[in-house]
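Notes follow once the structure below has been shown.
The values are calculated or read from the model by the stated rules, or taken from the named source; none is laboratory data. Because the structure is a prediction, the values reported are computed rather than measured. Virtual Cβ from ideal backbone geometry, glycine too; neighbours counted across all protein chains shown. All accessible areas refer to the heavy atoms of the entire protein, side chains included, with ligands and DNA or RNA removed. Shrake-Rupley method; radii C 1.70, N 1.55, O 1.52, S 1.80 Å.
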Amino acid sequence: MSYRRFNPERDTAPALSHGWLQPGERLAWPTPEFGAVNYKVHRRTGEGVPIRHPFWRALGVALISPFLLVDNIRNFLYGILDGPEAPQPIAFGKRWDCLAARLADADDYHSIWVLTDRRFASVSADPLSGTSDTTMARLGDFAKDVGQTFTGGIHTLPVESVRIRTVWQLGTDQYRYDGVVKRWRTEYDRITFPDGSGIDFPRP
């Protein structure tokens, strides 16, 4: 039987309801795509790369460029399918190694940020098929998405089976909700950590 790939925007809430959410726990906000976070952190680029000596910065950009290219193409495809790209959460802080940045650094390609009324967590939706996390594997996934887009299967096929794994989580005693803030024309729910860094979550 054929399956479509797990889509965080459509499939996160149902997946979390099967054993990850605690009884009575309310899902407030999941990221709309894998690894979706922008950095507004001192001495970091928007993708989180530390800004050091120009040589090391150029080398870092060269190493991650293939992955960014594939992700940009994938995001463009999803934009065609699902409409304009949703705003992403923003990790901000005055130190390059602040807690918000370190939490974002700990994520991987299959990570999704989840905010509930009891905790803030990063979970990984790992395909049970055991696909490899390489540039070639991502290109293969992209090709599969394109094929399913033209056949309509990306909307009608059942979702692939995934294993929800907690990468890290913080209880409500480890962060503070600071209400609604506005960045440009978008409203965000803000949480902050003891070191002054924090995360802004786009409001639905």
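The set of residues in the stretch 189-201 being open to solvent by less than 10 Å² (accessible area, probe 1.4 Å) and in a strand (DSSP E or B) consists of 191, 198, 199, 200, 201.
Of all residues in the stretch 159-182, which are of a type outside the set (A, V, I, L, M), part of a strand (DSSP E or B) and within 19 Å of the chain's Cα centre (by Cα)? If the condition is that a residue be of a type outside the set (A, V, I, L, M), part of a strand (DSSP E or B) and within 19 Å of the chain's Cα centre (by Cα), then 163, 165, 166, 168, 169 are the ones that fit.
Taken residue by residue, the stretch 120-129 has no member that is touching a Gly at 6+ places or on another chain (Cβ under 6 Å), modelled with pLDDT of 90 or more and surrounded by 15 or more Cβ atoms within 10 Å (Cβ to Cβ). For the stretch 16-47, filtering for residues that are open to solvent by 20 Å² or more (accessible area, probe 1.4 Å), of a type in the set (Gly, Ala, Ser) and in contact (Cβ under 8 Å) with a residue 12 or more places away in the chain leaves 3. In the stretch 106-119, which residue that is at pLDDT below 90 and acidic (Asp, Glu) is least open to solvent (accessible area, probe 1.4 Å)? Within the stretch 106-119, the match that is least open to solvent (accessible area, probe 1.4 Å) is 107.
Taking every residue in the stretch 175-198 that is within 14 Å of residue 92 (Cβ to Cβ) and pairing it with any residue that is open to solvent by less than 20 Å² (accessible area, probe 1.4 Å) and assigned to a loop (DSSP other than H, G, I, E, B), at least 6 positions away or on another chain, the pairs with Cβ-Cβ distances below 9 Å are 175/193; 188/89; 193/98; 195/98; 196/98; 197/98; 198/98.
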